[in-house]
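Taken together, the values in this text are just the output of simple stated rules run on the coordinates, not laboratory data. None of these values were measured; they are calculated from a predicted model. Every residue, glycine as well, gets a Cβ built from its backbone with ideal geometry; the counts of neighbours run over all protein chains shown.
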Amino acid sequence: MDYSFLKSGTDIRGIASDLGGKTVELTNEAVLDISSAFVSFVVNRLNKPSNELKISLGHDSRITADRICECVKTSLVKAGVTVIDCSLASTPAMFMTTVDLGCDAAIQITASHHPFDRNGLKFFLPTGGLEGSDISEILELATKGEEIICETQGKIVKQDYMSQYSENLRNIIIKGVNKGNKPLEGYHIIVDAGNGVGGFYAENVLKPLGADISGSQFLEPDGMFPNHIPNPENKEAMESVCKATVKANADLGIIFDTDVDRAGCVDKFGNEINRNRLIALASYIALGAEKGGTIVTDSVTSDGLKTYIEETLGGKHYRYRRGYKNVIDKAIELCNEGTYSPLAIETSGHAALKENYFLDDGAYLMTKIVIELAKGVDFEKILAPLKMPVEEKELRYNITVPDFKSYGQMVIEELEKFALNNPKFKVADDNREGIRVSTENGWFLLRLSVHDPVMPLNLESDVSGGTDKDFAIIKEFLSKFDGLTL
């Protein structure tokens, strides 16, 4: 069986339930093979016998989690591995088992915000999440049937790690606020977990510190996600938490995605602190009093954000490629080269702080924001200098030719030539993905999707009707490419 089709960036994902009427891809056989291959990968990477390995295992609230976890346990135990069974857990917490529990590796069963019938496997080593090339290697080993069978079987050890992880977050808040053991007394904070695993943050982090969490919603894990998609980028999800925050008269509203590696929040007026606004607030926190730090973001961040980071906060803005692992890897690279980079963050809500192992952890970011709230910081005042676009739009062009990457690159090169010859356009001097162009109205960015035959087009305008005007010019230009359809 060739498992390469299950690769999804730096994760493994596929259809795991037939309830949606689709053919199951993450079968028991597939999970057994992939788990066995991961053991071989870890043995080779760490140069350590399988019967000396300790690997943690957790899962989000998806309906197929138990089935997949049992298959993973079977493979690991057969290889002699000690399995630390953390059961229901957040993805960032599973990485932290390599720090707090000394695990050699960690596996999280999750498909993030994807529909209920999908699931996947996410892997960690003590150095962090795996690269896309590592996933390819594991799937190749699985395809070959790579397996380690140990004469002495491994064992399964139950571990309530989420309690320890929650205690760690509470201690960070207590230390950060420095007002005793109930630093959140008098504050009303609600959490929308979207029926994923994020309910722990309300019950086990905020409430014990004195916060009023009444009005929190969808805290109970339910893998069918009956209320809304657990995704801070989803319009309905954000509208839901905004309404809940206002209804509860809360000081802050927090929303997590399914496995809590992403988050967004809402101020006391019901205004979203998400995407560019979340990046701005996270940058304010990460830079602190230290000027000159470099904030790494993905390519679709606004011009107003760049101005805010560099002129208001005194930092530097480094736009990089889409993909949370891309921005994290770039920030790590900059730090290794001697450039201080305290934060890597994508507009999707993936935020990784240097002080926290460059781990994209939604709960950790919200913890830092809660500390600022409890110290009396006025978020509205902090974010007031951030200039937001009047309009924003995203369209997705499909590439219909087989060699979509070469074709997409050719389109980008032709658009760059066109922009350079248009007096109303100015090509950005920090293009690191696709082609970004400033216009009389705002800007646009055309890029090639990393994995799919798609070219997303993002536009922003500082004036009403500006995105339509710019798009009319771009649409006419792109219409000459027969391999593109909108």
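Per-residue 3J(HN,Hα) values for segment 424-435, derived from phi via the Karplus relation 6.51 cos²θ - 1.76 cosθ + 1.60 with θ = phi - 60°, read 8, 10, 9, 6, 5, 8, 10, 5, 10, 7, x, 10 Hz in sequence order (x marks Gly and Pro). Backbone geometry of segment 79-90 corresponds, through the Karplus equation with coefficients 6.51, -1.76 and 1.60 at θ = phi - 60°, to 3J(HN,Hα) couplings of 8, x, 7, 7, 9, 8, 8, 8, 6, 5, 7, 7 Hz, x marking Gly and Pro.
Once backbone amide H atoms are built at 1.01 Å from N, LEU343 has VAL296, LYS354 as its partners under 5 Å, excluding neighbours fewer than 5 places away on the same chain. Residues whose amide H lies under 5 Å from that of GLY293, counting only those 5 or more places away or on a different chain, are LYS316; hydrogens are built 1.01 Å from N in the peptide plane.
Quick one: length gained pulling ASN28 to ASN44 fully straight, 0.36 nm per residue minus the C-alpha distance?
On the way: separation 16, 0.36 × 16 = 5.76 nm, distance 2.45 nm.
The span from ASN28 to ASN44 would gain 3.3 nm if fully extended.
Annotation: lysines with alpha-carbon distance below 25 angstrom to LYS316 (same-chain offsets under eight excluded): LYS291, LYS306, LYS325, LYS330, LYS354, LYS368, LYS381, LYS387, LYS426. For VAL390, the amide hydrogen comes within under 5 Å of the amide hydrogens of SER461, ASP462, VAL463, counting only partners 5 or more places away or on other chains and with H modelled in the peptide plane.
In this rough spin-label picture, where each label sits 7 Å from Cα along the Cβ direction, the VAL99-ILE149 distance is 4.0 nm.
Among the GluC sites (Glu not before Pro) within segment 333-399, those in coil by DSSP and having at most 13 neighbouring Cβ atoms inside 10 Å are GLU337. Residues in segment 466-476 carry Karplus couplings, in order, of x, 5, 5, 5, 5, 5, 4, 5, 5, 4, 5 Hz; the curve used is 6.51 cos²θ - 1.76 cosθ + 1.60 with θ = phi - 60°, and Gly or Pro positions show x. Please work out how many pairs of lysine residues in segment 161-270 are eight or more positions apart (or on different chains) and have Cα atoms closer than 14 angstrom. Close lysine pairs under the 14 Å cut-off: 4. Between GLU131 and VAL450, full extension at 0.36 nm per residue minus the direct alpha carbon distance yields a gain of 113.5 nm. The chymotrypsin sites (Phe, Trp or Tyr not before Pro) of segment 250-294 that DSSP puts in a loop, and whose beta carbon has at most 13 other beta carbons within 10 Å, are PHE269.
Scan segment 113-187 for GluC sites (Glu not before Pro) in coil per DSSP, keeping those whose Cβ has at most 12 other Cβ atoms within 10 Å, and list them by number. Let's see the in-between values first.
Numbers: sites: GLU131, GLU137, GLU140, GLU146, GLU147, GLU151, GLU167, GLU185; in loops: GLU131, GLU146, GLU147, GLU151, GLU185.
Answer by residue number: GLU151.
By its C-alpha gyration tensor, with a ≥ b ≥ c as the square roots of the eigenvalues, how is segment 161-270 shaped: rounded for a/c under 1.5, else prolate for a/b larger than b/c, else oblate? It comes out oblate by the Cα gyration axes. Average 1/r across all pairs of distinct alpha carbons in segment 275-363, invert it, and you get the Kirkwood radius: 12.3 Å. Note on LYS144: lysines with a C-alpha under 19 Å away, same-chain residues under 8 apart excluded, are LYS7, LYS78.
Given only helices, namely DSSP H runs of n ≥ 4 each adding -39500 (n - 2.57), what is the per-residue ellipticity at 222 nm of the chain, to the nearest 500 deg cm²/dmol? Please list the in-between numbers first.
Numbers: 13 runs with 163 residues, N = 486.
After summing the helix terms and dividing by residue count, I get -10500 deg cm²/dmol.
Residues of segment 318-352 with an amide N closer than 14 Å to a point placed 7 Å from the Cα of VAL377 along the Cα-to-Cβ direction: 343.
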